[in-house]
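Have a look at the structure below before the remarks.
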Amino acid sequence: MTQRLSRNRKKNPKTHSYKRSLARLPLMSVSLSAAALLIVPCLGAETAGRPKIYGIAYVKVKVTDLEKAKAFYGGVLGMASSGSSCKGVADPCFVVNPYQHVELVRTGAGDRGSYLAEIGLTTSDVNQMRTYLTAKGIAAAQILRGMNGLRYFETQDPEHNKIAFVESTGEDAEIATPGLISNRMFHAGFVVKDLKVESNFYKDILGFRLYWHGGIKDEGTDWYEIQAPDGDNWIEFMLNIPATADHKELGVQNHFSLGVANAQTAAEKLRAKGAKEFDGPEIGRDGKNALDIYDPDWTRVELMEFTPVQKPCCAEYTGPHPKP
C-alpha cells in the first residue's frame, strides 16, 4: 500500500494526485488588523520575554517556470501582483490580503527539495524576538530593514526549515481584489521527521499551542497542527513521510492553505477560471470541507472552510477556529 501523504488523500495512480477520503529574504510588507486575527494570549514561564506572534505573514514558494506560476497564482487563484503586502518585495509577489502574501522564488527543474522555501511570521517586536531566540541558543540573522521600512530577520527551525519574523505595523487596509478566490491564509504545512524536536522549538520556545492532531487510522498521528500563540493561524507537521518520497509527494506535503466560506463555491470559481483538475471538495479526517489544487510545480494549495462541518477523527479541536 502506498503511504498516504496528506491529511485527507489517497494516491490516485492515474494522475499521481491525492484524493480526499471521507474518513480527511526580501521583505514583504505586512499590516496586521486586530479584527483579522483572534488574539489568544499564551505566555508561560518558558516563553517569558517572548514578544507576540500573530500568525503567517507570507510563504515563499519555489517555481521552475515563472510565467506558468504567475498564470496560476494571478489567474486561477485571482491574486493581485501588487498591493500593500507586496510593497518592496523583490521576488514576484501575489497578495492574499493587506498583511499576507505569496512570494515566488525561481529554482531549477533538478531541485528535489521542499518547494515551500520559507514561512514568514508576524511579531510585535523583532528586536525582542531576536534577543529572545539568541538567549535560547538559536542562531538568528541580523535584523534588516526592507524597502518598505519594515524590519525582519531570518532563522531556521531544528530541521532546517527557513522561517522569518517580520515586525507588524498594526495598520489596516481594505481588501478589494475582484476574482480573488480567498483573502485569508490559514496555515502552512511541511514534512517533519522528529515531532519531539520540532515541538520543542515551536511549542516550548515559540509558544505555539496544539490545535488538532489526527491520522489515517484513529489511533495514529500523521498530522499535528499547532496554532500561533497570539492568533488563529497554524502550522501543520506532516508526519510519517518516507525518506524516498518523490517530488510530487513532497509537493502534497509541503503546502499552504487558504480559507474559503464555501468549498463548493470555490470549486465553481476555479472551474470558471479554467481549472480542470483539482481534488474535492470533500470532508476530511479533520471534519473540514476542502479542496486541493496544485501549482505548475505540484505545490499543493488547500482551499479550506473556516470551521468543521462534522466531528473530526482522533481528537477534538483545542483552539479557536479562524473567522471570515
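The numbers here are math on the coordinates, done by the rules we state, and not lab data. Here the structure is a predicted model, which is why all the values come from computation and not from measurement. Please note: Cβ atoms are built from the backbone with ideal geometry, for glycine as well, and neighbour counts cover all protein chains shown.
Quick notes on this one:
- A Stokes-Einstein calculation at 25 °C with viscosity 0.890 mPa s, built on the Kirkwood radius of the stretch 45-167 over Cα pairs, returns a diffusion coefficient of 159 µm²/s.
- Here the relative contact order of the stretch 45-167, from alpha carbon pairs under 8 Å that lie six or more residues apart, stands at 28 percent.
- Peptides ranked, highest mean first, by Cβ atoms within 10 Å: ranges 313-324, 121-132, 50-61: 50-61, 121-132, 313-324
- Projected label distance in nm at Leu144 and Thr221, using a 7 Å step from Cα toward the beta-carbon: 3.6 nm
- Sequentially through the stretch 50-59, phi angles give Karplus couplings (6.51, -1.76, 1.60; θ = phi - 60°) of 7, x, 6, 10, 8, x, 7, 8, 6, 10 Hz, Gly and Pro residues having no value and appearing as x.
- Average Cα contact separation per residue, the stretch 180-305, under 8 Å, 6 or more apart, as relative contact order %: 27 percent
- Glu316 paired with Arg106, simple spin-label distance in nm, labels 7 Å along Cα-to-beta-carbon: 5.3 nm
- Net dipole in debye of the stretch 45-167 [+1 Lys, Arg Cβ; -1 Asp, Glu Cβ; about Cα centre; nearest 20]: 160 debye
- Length added when fully stretched, Thr244-Ser81, from 0.36 nm per residue minus Cα-Cα: 55.1 nm
- In angstrom, the C-alpha Rg and Dmax of the stretch 180-305 are 15.0, 45.
- Computed from phi, the 3J(HN,Hα) profile of the stretch 205-219 under the Karplus parametrisation 6.51, -1.76, 1.60 (θ = phi - 60°) reads 8, 7, x, 4, 10, 4, 9, 6, 9, x, x, 4, 10, 4, 8 Hz, with x in place of Gly and Pro.
- Surrounding net charge for Ser114, when Lys and Arg each add one and Asp and Glu each subtract one, Cβ distance under 11 Å: +1
- If you plug the beta carbon distance of Lys136 and Asp194 into 1/(1 + (r/R0)^6) with R0 = 30 Å, you get a FRET efficiency near 0.95.
- Amide hydrogen proximity for Gly189: with H placed 1.01 Å from N in the peptide plane, the residues at 5 or more positions away or on another chain lying under 5 Å are Glu236, His255, Phe256.
- Model label sites at Thr64 and Gln128, defined 7 Å from Cα along the beta-carbon direction, differ in position by 4.5 nm.
- Among the GluC sites (Glu not before Pro) in the stretch 239-298, those placed in a DSSP loop whose Cβ has at most 14 other Cβ atoms within 10 Å are Glu277.
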